[in-house]
Each structure stands twice: as structure tokens, then as C-alpha cells.
Amino acid sequence: MRKNKIRILHVAQAAGGVDRYIRMLLKYLDKEKFENILVCSQDFHEEDYIDLVDSFEKVEMTRAIGGSDLKAIKDVRTLIKKYNPDIVYAHSSKAGAIARVADIGLKNHCVYNPHGWAFNMRCSAKKKAMYTAIEKIAAPFCDKIICISDAEKQSALNKRICKDDKLQVIFNGVDIEAYENGVHGAVKRKDMGIPEDAFVVGMVGRMSPQKAPDVFIKMAKKVKDAIPNAHYIIVGNGNQEDEIRKYAEDNGFSDSLHITGWVDNPMSYVELFDVACLLSRWEGFGLALPEYMMAGKPIVASSVDAIPNIIRDGENGLLVEVDDAIGASEAVLRIYQDRKLKDKLVAQGLEDVHNRFNARRVSDEHGKLFENM
């Protein structure tokens, strides 16, 4: 029964960060006002949404553009007609295209959140042009586009995706309450073969070109030369793992490199860090940054896209140029050598994550937008 609730039908294809975002959004969205239906790809798990959605539907959706998209559009349109929502909310670029086409001519409002523009990725000029064209063509078929940072909004304006009044910035957030009330110290340094007195530098992210693990490992070599008892943790997996391990081996510090693979509890590993890095080559938001702040870690990050919206150099972290392993190593060593600087970055980071990046605020801002629509 609806009982005058606003019914929202969410459409999502990419799991990973989008999955975490939707779960966090739904957790704090007012259940007295909103009813939520999730239409998602085969990569999502129904058990993750037991207390979060009123209905859960799966549709076969693939990341690559292809003939299967026509069936996905047809299936999503059937479900929109079945549930007759007040608002269709499409998450990420692939689901954004499918849902907006599926929704043409149906009587509801449509919201789209790209979760980071595809045309900002490092890819060929041809691909960038294709992604930009798709976004421009699809933009008229939704009422609002949510940008997860000011940089994302500016990007859309620069590419002339749509007019300013269609764009709304709702900064990403992290579930501070869940973290603070959760289990801490689940992973110990000794579990990973790391000495208690080691200086640990870490990163959370896929070992793929975007997150620049190659820059991280080159930075690690320079830090190792200055701090012999330095150790490194990479929380994630990815297709560059062999290359990263080989670099550490060739440079004689493979015993100091610890790669977790994909894990359910990344924050348990972040708690082991002395310095946390995000050296991305492009970044729609960089959710790892408020997660690092939440855990009380000083941050070294690349000054690219949305990251300077979050990190203010010298205040709540240190910024370095993209692809600058030497600059990153110098920033890490500054934090190692200057206790006052480290304490200042951590204190400001904790203040910022509570004031600016709380998941409750993300849900509240969505709630206001939905009600206004």
C-alpha cells in the first residue's frame, strides 16, 4: 500500500561504488515519506536490500554498449509501467541511458545521477566524444541531473550537456554512524606480517589506471629509501596487480607490499594506515577521501577533478600533481617528519567529514529534491 508516499523506482547497472551509494541513500531516506523500488543488474544481491526497499527486481544489464541494451530498455519500461512510480531515479551512465529511454512518454519525473561523468575518464578522444554525445542526447529526457561534486557540475556546463538549472550538486557522503558504532581493530598488523613499529602507507582502490597504483608503488620505492621500516597496503584488486608486484620485487621491497584483494571490510585495513593516499588520474568524487577522514588518517591525494573540492591543501590533506610519484613521496615524508602537521590534517579531516560528508545529509538533500518535484 502506498499511503500517500512518494514512490521512487531506482535503476542501477554498475555495482561497486554505486551499490554502496544506493544502500547508504536508502538507509537514511525517510521511510514515512518514501517508498523505494530497486531495478538492478545481475551484479546486485537481494539480501543486501532486505530492509531497504519495498520491491527488488533484476534486469540483465551489461556495461558494454550492445544489442542486449534494447531488451534491457524494454524490460525496464515494463517495470516502470508495473510500479507506476512518481520518480524514476537512474544511477550511473549505463543505467542512465537505459532508464531515460525506457521512461520516454510515461507520466513521472526522472532524475539522473551519473556518479562521475564517463567523458572525464582517460580514454580516446573518440570515446570521449561518444560519451559526451550520448549525455547530450539523453539530457532532455530527465528533469534533474545530480552531480556528486562542484567539479562534476562544471564539467557538464563546459561540455554543454544541459542548462545550469537542470543540474543540482549533492555532495557524496559516508555512513559515519555505522563506522563509529561498528567493530574496530578487526585486522591487526601482525595478521598481515607487518611489524608494530612500521610506518604504513596505504590506498583503497582498484589496481587499474584510474586509481594510479603504478604511481603509488613508485612513491613507495622513494619512501622506502628514506624510511627502511615502511610498509604498504593496497586494499583492492585489479588488472595491474602483476605489474605492481613485479615493480616491488624488482626494487627489493616485495616483502613490504601487502595487497588484500577485494574485501568486504576495507575500513578495517584503513585503520592500519599511518598515511592514506588517493593518487587518481580522474575522480568524480573520491569516496575513499571522507572514509580516510572518518578513520582519522592524514591524506595525500592528487589535485584532479573533484578532489580539490574535498581536500584543501595543507588544511585537511596534502595535494600533489597527477602522475607525480616524487611529489607524492615528498608529501608522505612531510607527514612522517612533522607530527604537528599530521595532527592538524587529521583534526580538520574529522571536522570536515562530520560537517560536510555525512550520509544523513545526502539523504536529506535527496528527500527535499524529491518532495519539491
Flag if K297 is of a type in the set (K, R) and more than 21 Å from the chain's Cα centre (by Cα)
no
Tell me which residues, restricted to segment 1-22, are touching a helix residue (DSSP H, G or I) at 6+ places or on another chain (Cβ under 8 Å) and more than 22 Å from A72 (Cβ to Cβ).
I6
Positions within segment 55-66 being buried (at least 17 other Cβ atoms within 10 Å of the Cβ) and at pLDDT 95 or above, in sequence order
F56, E57
Report, by residue number, each residue of segment 314-339 that is charged (D, E, K, R) and more than 20 Å from A226 (Cα to Cα).
E315, E321, D323
Being more than 22 Å from G284 (Cα to Cα) and either touching a His at 6+ places or on another chain (Cβ under 6 Å) or among the small types (G, A, S) (or both) is true for just one of G66, G116. Which residue is that?
G66
Matching entry among S55, S68 (being more than 22 Å from M130 (Cα to Cα) and more than 20 Å from the chain's Cα centre (by Cα))
S55
Please tell me if D143 is acidic (D, E), without any contact (Cβ under 8 Å) to a residue 24 or more places away in the chain and over 20 Å from L289 (Cα atoms).
no
Grab the strands (runs of 3 or more DSSP E) fully contained in segment 131-234, keeping just those with 1 or more residues being over 20 Å from the mean Cα position of the chain (by Cα).
144-147, 199-204
Please find, within segment 23-39, the residue that is surrounded by the most Cβ atoms within 10 Å (Cβ to Cβ) out of those that are in contact with a Lys or Arg (Cβ under 9 Å, 6 or more places away or on another chain) and in a loop (DSSP other than H, G, I, E, B).
K31
For segment 256-311, give me every one of the helices (runs of 4 or more DSSP H) that falls completely inside it and has 1 or more residues that are surrounded by 19 or more Cβ atoms within 10 Å (Cβ to Cβ) and among the aromatic types (F, W, Y).
266-270, 288-294
Just checking, which of A156, A151 is surrounded by 15 or more Cβ atoms within 10 Å (Cβ to Cβ), closer than 25 Å to I310 by Cβ and either touching a Cys at 6+ places or on another chain (Cβ under 6 Å) or at pLDDT 90 or above (or both)?
A156
Of everything in segment 232-255 that's at pLDDT below 95 and in contact with a helix residue (DSSP H, G or I) (Cβ under 8 Å, 6 or more places away or on another chain), which residue is surrounded by the most Cβ atoms within 10 Å (Cβ to Cβ)?
G236
Does D323 satisfy the condition of being in a loop (DSSP other than H, G, I, E, B), modelled with pLDDT of 95 or more and at positive phi?
yes
One residue is enough: does segment 87-98 have a residue meeting the conditions aromatic (F, W, Y), touching a Lys or Arg at 6+ places or on another chain (Cβ under 8 Å), crowded, with 22+ Cβ neighbours inside 10 Å and within 17 Å of L167 (Cα to Cα)?
no
Any residue at all in segment 240-249 that is part of a loop (DSSP other than H, G, I, E, B) and under 19 Å from G193 (Cβ atoms)?
no
If I ask for residues that are within 22 Å of A288 (Cβ to Cβ), in contact (Cβ under 8 Å) with a residue 12 or more places away in the chain and among the polar types (S, T, N, Q), which ones from segment 157-210 would you list?
N172, S208, Q210
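Per-residue answers, yes or no, for (1) within 19 Å of D164 (Cβ to Cβ); (2) touching a Gly at 6+ places or on another chain (Cβ under 6 Å); (3) among the hydrophobic types (A, V, I, L, M, F, W, C):
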position	(1), (2), (3)
N108	no, no, no
R122	no, no, no
T132	yes, no, no
I145	yes, no, yes
Those residues of segment 317-345 which are surrounded by 15 or more Cβ atoms within 10 Å (Cβ to Cβ) and more than 22 Å from Y232 (Cα to Cα), in sequence order
K344
Among (1) out of contact with any helix residue (DSSP H, G or I) (no Cβ under 9 Å at 6 or more places or on another chain); (2) in contact (Cβ under 8 Å) with a residue 24 or more places away in the chain, Q337 falls short only on (2)
Give the residue, chosen from V169, V183, V204, V187, that is surrounded by 20 or more Cβ atoms within 10 Å (Cβ to Cβ) and of a type in the set (V, I, T).
V204
Any chance segment 197-204 includes a residue that's among the small types (G, A, S) and in contact with a Cys (Cβ under 8 Å, 6 or more places away or on another chain)?
yes
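The values are calculated or read from the model by the stated rules, or taken from the named source; none is laboratory data. Keep in mind the model is a prediction, meaning the values are calculated, not measured. Counting neighbours? That spans all protein chains shown, and the Cβs are built from the backbone with ideal geometry, glycine included.
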